[in-house]
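Reviewing the structure listed below.
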Amino acid sequence: MNNGTPERPAPPAPRPLAAASDPRAWRGGLRGKWPSIAVILFAQVTAMAVWFASAAAASALARSAPLSGFESALLTSAVQAGFVIGTLASALLGLPDRFDPRRIFLISALGAAGASAALVMLPPTGPGILALRFLTGMALAGVYPIGMRLAATWAKGDLGLLVGLLVGALTLGSASPHALAALAELDWRVIYLAAAGLALCGGLAILAAGVGPNAPRQIRLEPGRISQAWRNPALRLTNLGYLGHMWELYAMWTWLAVFLAESFRLSGLADPRGVGELVTFGAIAAGAVGAWLGGVCADRWGRTTVTIAAMAASGACAAAMGWLLGAPPWIVIAVAVVWGITVIADSAQFSASIAELSDPESVGTMLTLQTCAGFLLTLVSIQLVAPVSHAMGWPTAFTMLAIGPVLGCLAMARLRASPESRRLAGGRR
């Protein structure tokens, strides 16, 4: 009582945000680590099928309507442009660190499935099909980085391996359209419908995955948080290394089959396009082994060690491959396989480094922002290969790709010399 007036009861204290691993915040899902990781792997690969489909569909579309090399590349670039916009919006809104990642994944996978299914109602070429591929990319912004974020919640001294398994599985998915292009002549509508069905399955499957004990508490929106990606020197160097890696990766995946077909034609092989597609499938698929080995080695010997070694090797392959145009096929195939392994061996370790160097409550946003910047850069490198190869030849075009790994090595060497690098892989830089 105060001056005869009853005191107002004190307002209730703000309810703390529930921990992400608290069952009150995250209901359902498997409890074990490896069953959950298996579900995440399955869901990630099947949901991303709508991305992988663009390469297979481009070959099938060419039988229905004439496509120039530029138009074929646009089918892939439209997805990546949408992905860039989607990841940027997700990072600005802090979605990966504010909401249940499984729900984000589910909604995004269903959106990607719907956009892909709608393609069958449109003519095989034109702005409509590009617009739907763009929307597909936007939806996948809630699949790829979210899957990595979810896997990271289960890490216990094996973050490089877990993210490496995810990247390895996605690498196999990226390779599969080249096998389809070589072995089957499917209608492009069938390819998109099958991919949409797989994305639907992946979206539903993610609900069976559990969230690991490393998940942070859900946070409120803080737009200024994304500036950490540049203001923090360690994060900045990691992102620069990732950009060097991405400059090469998707351009190599996009144009290797075209180069191999031309090289095998000059060397006199029968069916150079079919053999080129098969070799491209084998080279990219071999990268799944590289992603797994990169994760094992990085957890044991250090993230900067693996990223520098992988980029040095892949950059050397890029610089050499263009000069092998028309060389004996066994030499070209050998270099292509080594390139396919090394070009992806470091990919997961940039994501693992971001997860270890970021504030725990910002990991999802930082991972999303990293992928946004990387895929934005691929829009440039993919489109540059065609005009450069036409004007100056394949040696110049592929050597241009080697510039990225060289700069990436320099960035990761600077990170290795930084005291912050001791936070990587339990002190193994």
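Say R0 is 22 Å: what FRET efficiency, to the nearest 0.05, do ALA417 and ARG236 get from their beta-carbon distance? Present the calculation step by step, with values, prior to reporting the outcome.
Working: r = 14 Å, r/R0 = 0.64.
Approximately 0.95, to the nearest 0.05.
Between the range 82-144 and the range 385-429, the alpha-carbon centres lie 29 Å apart.
What net charge do the residues around ALA413 carry, taking every other residue with its C-beta under 13 Å from that of ALA413, with Lys and Arg at +1 and Asp and Glu at -1? Around ALA413, the surrounding residues sum to +4.
The alpha carbon gyration tensor of the range 374-416 gives principal lengths a ≥ b ≥ c with a/c of 1.5 or higher and a/b no greater than b/c, which makes the shape oblate.
Sorting VAL306, VAL45, VAL338 on the 10 Å Cβ count, fewest up front, what's the list? Mind dumping the intermediate values first?
Values: VAL306 27, VAL45 22, VAL338 19.
With the sparsest Cβ surroundings first, the list reads VAL338, VAL45, VAL306.
With a simple spin-label model that places each label point 7 Å from the Cα along the Cα-to-Cβ direction, the separation between LYS156 and SER267 comes to 4.9 nm.
Read-outs throughout are calculated quantities, based only on the coordinates presented, and are distinct from any laboratory measurement. This structure is a prediction, so every number in the text was calculated from the model and none was measured. Every residue, glycine among them, receives a Cβ derived from its backbone with ideal geometry; neighbour counts consider all protein chains shown.
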